[in-house]
Amino acid sequence: MSVELDVFVGNTTIMDEEVYQLWLDGYTVNDAVKVRMEGGVMDECEASKDVLLSDTMDQYRTFQMCERLLHSPAKLANQLLFQIPPHRQIMLIERYYAFDDTFVREVLGKKLSKGTKKDLDDISTKTSVTLKSCRRQFDNFKRVFKVVEELKGPLVENIRQHFLLSDKLARDYAAIVFFANNRFETGKRKLQYLSFQDFAFCAGQLISNWTVGAVDNMVEDMDVDLDKEFLQELKELKILITDKDLLDQHKSLVCTALRGKTKVFIEMEGSFKNLSRGLINIAAKLTNTKDVRDFFIDLVEKFIEPCRSDRWSAADMKLYLTHYTNSAHILDTFKHQVVWDRYMGVVKSCIFKMYHD
Amino acid sequence: MPGKLKAKIVAGRHLPVMDRASDLTDAFVEVKFGNTTFKTDVCPKSLNPQWNSEWFKFEVDDEDLQDEPLQITVLDHDTYSANDAIGKVYIDIDPLLYSEAASVISGWFPIYDTIHGIRGEINVIVKVELFNDLNRFRQSSCGVKFFCTTCIPQCYRATLVHGFVEELVVNEDPEYQWIDRIRTPRASNEARQRLISLMSGELQRKIGLKVLEMGGNAVVGYLQCFDLEGESGLVVRAIGTACTLDKLSSGSAPNTNTHMHPNTAPASNACNSPSKDGKEPVFVEDLPSSSGPPTPFRALPTSSSPPPFSPSKPCSRQSSSSDTDLSLTPKTGMGSGGSAGKEAGPLRTLLRQQTQTALEQRGASSSGLLLNAREFPFFTLTSFPPGFLLHVGGVVSARSVKLLDRIHNPALGNTRSYKLLDWNSVTADEPETRDAWWEEIRQEIKSHARALGCHAVVGYSESTSICEEVCILSASGTAAILNPRYMREGCLDIGCTDHRFEEPSPPNCGFCHIPYDELNMPFPAQLTYCYHCRRQKVPDVLFTTIDLPSEAAVAGKGCLIQARLCRLKKKAQGEANATAISNLLPFMEYELHTQLMNKLKLRSMNALFGLHIQISVGENMLLGLASATGVYLTALPAPGGIQIAGKTPGDLSSEHISSIQKRINDTIAVNKELYQINPPKLFALDPEVFCGINMELAEEGVGSPIPEPRHRSRLFRSHSESSDELSELDLSHGKKDAFVLEIDDTDAVEDIHSLLIDAPPPTGFYSCNTENMPGISNWTSGVQMFTSVRVLRLSNANLTNQGLNKIFTDLCENLLKSFYFKLRSMIPCCLCHLNFTVAVPEEELIQVTVTAVAMTYDKEQTQEKTAEKPVNKGSLEAEEQLQFPLELCADSSSSNIQTASKISVSLFTPAAKLCQNQLLIARSAGVGESTNMSPRAASVDYGSFADRCSTWLELLRLKAHTIRRGSVKTSRRTQSLAHSVSSLERCSPLQEGRSRSLRSSRSFGGSSVTVVKMTPLSFLPGTRIIKYLGIINMFFIRETTSLREEGGVSGFLHSFIAEVFAMVRAHVAALGGNAVVSYSMKECVFMENPNKNQAQCLINVSGDAVICISETDQESSASTANTGQTGGSETDGAT
């Protein structure tokens, strides 16, 4: 005697958020049943294991049928197959597109290609996120990437409209897409201490300041690529380190402002030239795609690490960078104020975010 | 040229990719109606094409408009090869043919393919321009409204109820035609879908014609079913109740319909007047002209009701004098002999006159239809306006086993119905047809009803179960007496015995009063005086197929009660098989019945509503499933307990027995608590007090209500809860007492265990299978309709009946448990209209399909009563003024009564010999004397004996008292005063409840337009239906050749059911509606062949598309004017 067929279909599609999460997390039906039993749901309605199994199967089937729609969430709202209340739709989409920070950290900046997909089982073992869940997340990244790649206009807004995601999630996806598109290196050991949220913040800064869309929304190109013109202009900043007078002038201005305000003044004074060279060289090299990829590792190597070895506190760092940026404005011979601000604004906030243990 | 149909194809979306190379589709659309086809342009390379076509116009007969669906096919254009079909949409344009319903169909429809399911959507606009047609010979019946709802639809008033309408059409099943061997599954499925769509259109049109002819304008409780008879064809049949409905609106409207029909249906003119006579339709003996009809009819009831019973008596009286049916409905104890005698005279002559004029007119009009309609005083309605239902007799049912023959289909090949218009035309040579089969069954039902002293059958339904060439036809209903005031005269057999019916019974117990003569009861019954009004007799248990009348007084909550049964049978062919089945049926019915009775007692309830017994036949087994909603009617006596008895008094296992007994007693106590059954003690004196006297008096004084203790025997009687004393009694031969359970073998132990297996629903849940949940009325807005299908494969080859029963019971119980679990977020909630359907699709498969709705309610107020209708004060006064002789006939009440369910089984095969043989059984079984066969002879409740005694005593004393004082009137007045007080009390919380539910429904105002709610009930809580847009009746086939890829059988069926829901919702939305009420899934036939990776499923659903508005919106209009309600609601609808 066996149950050959067992279905339950509601006019309003019944979905249990807990089961949905288990499904998203890639649990098999049997594992999900176990988890639910441990969760004590059985006591709620005098349910037995069979009941739980049947319910879990039903829900899994429903989710599988919904998955197709979730791939283009806009369809979910005007499809006719499932009657799902709007707030539920939002929940379904939001959860479907949610990802594990540990997983995304692994693929951040990698090419969203078949090759990467093949490595997913390694990532799965490493992050202890189930392979199924890894695949879903990876496919989500890829899908979002493919859609917005071709679109004009602001990246975050495009993602939000096409995938009906919350602002926060849309921003995260924008970061992922942006990183994938520019192939920023995030996997090096030196960068391991940075979380996805650190990178997402930086990406947000880059998107809103360094892309074409940042200056002109009407422009044909979109948010995913850095503003080439701007990158060219960055070369002009080199004058700050190549012109000896300017460098000294800059240093003295910064040191005057910092004197007495920090415990690490000596170290700051001592490493000024090195740090300034580091930051400006990063700027000057950004025309090379290769160096764009290394942007974050460069920031860490050229700036963050030296400061850290000198035991600067985060406040010291802020103080230093603020004065470093502002002092350049007082330099008479330095004409590239606009580019300087656009560059330093982003670098400053990125370093602030990245300067932690 | 009576109509112009216009269709416009606007756009498509989410189309599937048809061209792999480009990942796009070049879609175009064919629009077909009848034999005319139009095409749109090809919209190249788009998955979201915008056609924005011109208006395609079809000029057609309205007959075609009714029969044909608009067929829209979406195709992918292919330059080199044949165009590929993407899918189809069938649009039933019937809703556009009523003046008041939808005016346009416009919206997104899922594009459906029988192999791939839903593939995108298409936006279509359809309109109809109808021209008036005054042709008296017209074949169409445009304008007749159809409702699946089995009560008078919310925004209508029934001015007249005309009665039963039925029709069936037959055709060959395309799946079994030779051509099916060479065409694709898709073509075959589509041919089937189209054919069934056509057939149901035709069926509906024909029923509409009958309604017009009767002078009605609507069919309520329309029930359409398919019989897939395989090789022998396809039958589409429908029954319904013809009514004249008035839209509740600003006063002017009411008569438009009646004015209209002489024009629209001239034939009805002639039919109208014969209907006036009505009292004595076909059966009267003085019909010299038409000797045909009366004979077969009279023959049936008389022969099937043996002499000792009353039913035969009225029949004979009827034939000996041209009396009215006055006598047919035996007095219920109130009908005073004297006055009846006086009044009978003039009435009789009047009637005779009418009969004669009617006869003359009938001669003139050739309409046999009307005869037919009046012949069966059946009503498919299950709930009635207050005052409509006077008394309820009990369940009547009939089953018959038939062998299917190939339906004779003439060369014309077209759908043809074998409608027998007149009994005159029936001759022995006429081929046996489906019509004749149903005719027989209905006759039987009718005679059963008569045997119960009733002139009508309400809550009537018909069903079939087919396995190979054997078919079980079943019909059941509730025998009742209706108030003729609401009927079109003539649709009931009963004379218009006005004096009788005007004597009002209290609305909240009147329907319980027995309709039959207590001196000549149709079956042994145990009667008591009504616990509510104390004036009339009531049975101890009442079984009905209808909904609990809203005015009925109940104690506590109701609950779903199911009896489940499996019976193995040997595999056989042809007649042997049919015989085997028909031999099993009575036993199954008996057992189902016993189970129901026991379970009812176990829950301490005394009445069943919505009883539906389904017997399903498979190759090697029969499945029986009886579902009903149990309730405690305060008008009926309290049920007794259940007593367990060993084989012999001194049985060794007495310890075992007492432990079981304890469990049972505990269960009863728990259930009482659970369902909050605390019957009011308005009249019933505390049994504790009277216990002592009871026992003495019961045996000597009152004329013991139980048979004399003759032999010492093994049966023990349990008494009322208050009395532990046991007395030993013998019941007459073979009449097993329902509540005494004997343990004589292991089977019996099993049975008892299975009784106790039924787990009560978890806290926060209630369940019922009726429209209204007894004891709960304060619904909040949460509604979740669902369908669940479970198929069990029996792997064990050597199963016993007991084993099977266990499996089957578990299957049903587990389904319920699953529902409770899934819907736990809705607590507190009630599963309403739980409709279980069982089938045996293959030898070792059991399929159970359930459709129900879960509704949330406000827990705070569950205690309050649900009396919907304020008590009519006028009737109370009238009541007071009437005097009735007191008949203290305790003797009569001592006879045994059981529920009035009558079951007969008959077998009709082409073989005349067998036929006769079986008919005999049917006859004897039909009346219920044959004790060993007929379940009805079964159970007697002695459990409440002491209880009853106490109340009799009390009553006797009361009466004696009043008589002594010589003032019957006084006592009566006090009673009715008490009554009115109680009813007033009941009224007030209602107001509160209503306003509260209104408030709670507020939350649901802001829902999006596209949301379509579905419910099997006739209402949606918190809302008011302002418009009925037409009937939804859809038939779909889905097939797959890649079962595994679609997620196996469960995945396949899951998506199919979801698709069906989606298509229903889309059609409703396109009509402008936002809900489907009275939704039901009539058919869900699932076949699989996992080895071939194939499966096929057929689903038929129906319901009423409606617009409903949140009650808060129309509260103001409702409160300002009671009469002009619709004036308000119409404006609401417009906004």
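Restricting the stretch B:1047-1081 to residues that are more than 9 Å from B:Val1012 (Cβ to Cβ), of a type in the set (Gly, Ala, Ser) and more than 7 Å from chain A (Cβ to nearest Cβ), which is surrounded by the most Cβ atoms within 10 Å (Cβ to Cβ)? Among those that are more than 9 Å from B:Val1012 (Cβ to Cβ), of a type in the set (Gly, Ala, Ser) and more than 7 Å from chain A (Cβ to nearest Cβ), it is B:Ser1078. A single member of B:Leu203, B:Leu212, B:Leu160, B:Leu130 is surrounded by fewer than 20 Cβ atoms within 10 Å (Cβ to Cβ) and either among the aliphatic types (A, V, I, L, M) or out of contact with any strand residue (DSSP E or B) (no Cβ under 7 Å at 6 or more places or on another chain) (or both), and it is B:Leu130. For the stretch B:158-173, does any single residue satisfy the condition of being at pLDDT below 85 and touching an Asp or Glu at 6+ places or on another chain (Cβ under 6 Å)? The answer is yes; a qualifying residue exists.
Looking across the stretch B:1-28 at every residue that is away from chain A (no Cβ under 14 Å) and touching a Pro at 6+ places or on another chain (Cβ under 9 Å), the one that is surrounded by the fewest Cβ atoms within 10 Å (Cβ to Cβ) is identified as B:Leu24. The single residue among B:Gly453, B:Gly495, B:Gly459 that is on the phi > 0 side of the Ramachandran plot, at pLDDT below 90, of a type outside the set (Asp, Glu) and in contact with a Ser or Thr (Cβ under 9 Å, 6 or more places away or on another chain) turns out to be B:Gly453. Among the residues of this structure, B:Cys559 does not count as one that is within 23 Å of the chain's Cα centre (by Cα), modelled with pLDDT under 80 and crowded, with 24+ Cβ neighbours inside 10 Å.
Apart from one condition, B:Gly117 fits all of (1) under 25 Å from the mean Cα position of the chain (by Cα); (2) on the phi > 0 side of the Ramachandran plot; the exception is (1).
Considered as a group, the residues in the stretch A:187-224 that are within 22 Å of A:Met354 (Cα to Cα) and among the charged types (D, E, K, R) include one that is modelled with the highest pLDDT, and that residue is A:Asp198.
Scanning the stretch B:781-797 for residues that are more than 8 Å from every other protein chain (Cβ to nearest Cβ) and either part of a helix (DSSP H, G or I) or more than 14 Å from A:Thr12 (Cα to Cα) (or both) yields a single hit, B:Ala797. With respect to A:Glu4, determine if the residue is assigned to a strand (DSSP E or B) and facing chain B (nearest Cβ under 7 Å). Yes: the conditions hold for A:Glu4. Of all the listed residues (A:Lys75, A:Lys110), the sole one being buried (at least 16 other Cβ atoms within 10 Å of the Cβ) and at pLDDT below 90 is A:Lys110.
Please go through the stretch A:60-82 and pick out each residue that is facing chain B (nearest Cβ under 9 Å) and assigned to a helix (DSSP H, G or I). Listed by number, the residues that qualify are A:Arg61, A:Thr62, A:Gln64, A:Met65, A:Lys75, A:Asn78. Starting from the stretch B:798-818, take each residue that is within 9 Å of another protein chain (Cβ to nearest Cβ) and list its partners that are in a helix (DSSP H, G or I), counting only C-beta distances under 6 angstrom and pairs at least six apart or across chains. Pairs that qualify, where the first residue is within 9 Å of another protein chain (Cβ to nearest Cβ) and the partner is in a helix (DSSP H, G or I), are B:Lys817/A:Val51; B:Ser818/A:Val51; B:Ser818/A:Ser54. Kindly indicate whether any position in the stretch A:254-263 is within 14 Å of the chain's Cα centre (by Cα), under 22 Å from A:Ala284 (Cα atoms) and crowded, with 20+ Cβ neighbours inside 10 Å. No, that holds for no residue. Within the stretch A:12-57, if we keep just the residues that are within 23 Å of B:Val838 (Cβ to Cβ) and crowded, with 16+ Cβ neighbours inside 10 Å, the residue that is farthest from the other protein chains (Cβ to nearest Cβ) turns out to be A:Leu53.
Looking at B:Phe821, B:Phe765 in this structure, which one is facing another protein chain (nearest Cβ under 9 Å), without any contact (Cβ under 8 Å) to a residue 12 or more places away in the chain and either within 24 Å of A:Asp55 (Cβ to Cβ) or among the β-branched types (Val, Ile, Thr) (or both)?
Details: B:Phe765 fails: without any contact (Cβ under 8 Å) to a residue 12 or more places away in the chain.
After ruling out the rest, the residue left standing is B:Phe821.
Anything in the stretch B:827-845 that is facing another protein chain (nearest Cβ under 10 Å) and closer than 30 Å to B:Thr780 by Cα? List them, or say none. Within the stretch B:827-845, just B:Ile827 meets the criteria. Taking the criterion of being assigned to a loop (DSSP other than H, G, I, E, B) and buried (at least 21 other Cβ atoms within 10 Å of the Cβ), the residues of the stretch B:70-96 that qualify are B:Asp92, B:Ile93. The number of residues in the stretch A:325-357 being within 26 Å of A:Phe184 (Cα to Cα), in contact (Cβ under 8 Å) with a residue 40 or more places away in the chain and either aromatic (Phe, Trp, Tyr) or part of a loop (DSSP other than H, G, I, E, B) (or both) comes to 5. Can you pull out every residue in the stretch A:10-52 that is without any contact (Cβ under 8 Å) to a residue 40 or more places away in the chain, closer than 29 Å to B:Thr1015 by Cβ and of a type in the set (A, V, I, L, M, F, W, C)? Hits for the stretch A:10-52 are A:Val41, A:Cys45, A:Ala47, A:Val51, A:Leu52.
Filter the stretch B:998-1017 for residues that are modelled with pLDDT of 90 or more and more than 17 Å from A:Pro85 (Cβ to Cβ) and give the result. Within the stretch B:998-1017, B:Pro1016, B:Leu1017 qualify.
If you filter the stretch B:614-635 down to residues that are in a loop (DSSP other than H, G, I, E, B) and in contact with a His (Cβ under 9 Å, 6 or more places away or on another chain), you find that the one that is surrounded by the most Cβ atoms within 10 Å (Cβ to Cβ) is B:Ala635.
Among the conditions (1) within 14 Å of chain B (Cβ to nearest Cβ); (2) buried (at least 19 other Cβ atoms within 10 Å of the Cβ), A:Pro86 misses just one, which is (2). Close Cβ contacts (under 6 Å, 6 or more residues apart or on different chains) running from residues in the stretch B:1004-1026 that are closer than 17 Å to B:Gly107 by Cβ to residues that are at pLDDT 90 or above and aromatic (Phe, Trp, Tyr) comprise B:Met1014/B:Tyr1079.
In this structure, does A:Phe138 turn out to be modelled with pLDDT of 90 or more, among the hydrophobic types (A, V, I, L, M, F, W, C) and more than 17 Å from A:Ala203 (Cβ to Cβ)?
Working: modelled with pLDDT of 90 or more: yes; among the hydrophobic types (A, V, I, L, M, F, W, C): yes; more than 17 Å from A:Ala203 (Cβ to Cβ): yes.
Yes; evaluated as a whole, the condition is true for this residue.
The values are calculated or read from the model by the stated rules, or taken from the named source; none is laboratory data. Keep in mind it's a predicted model, so treat the numbers as computed, not measured. Cβ coordinates were reconstructed from backbone atoms using ideal geometry, including for glycine residues, and neighbour counts include every protein chain displayed.
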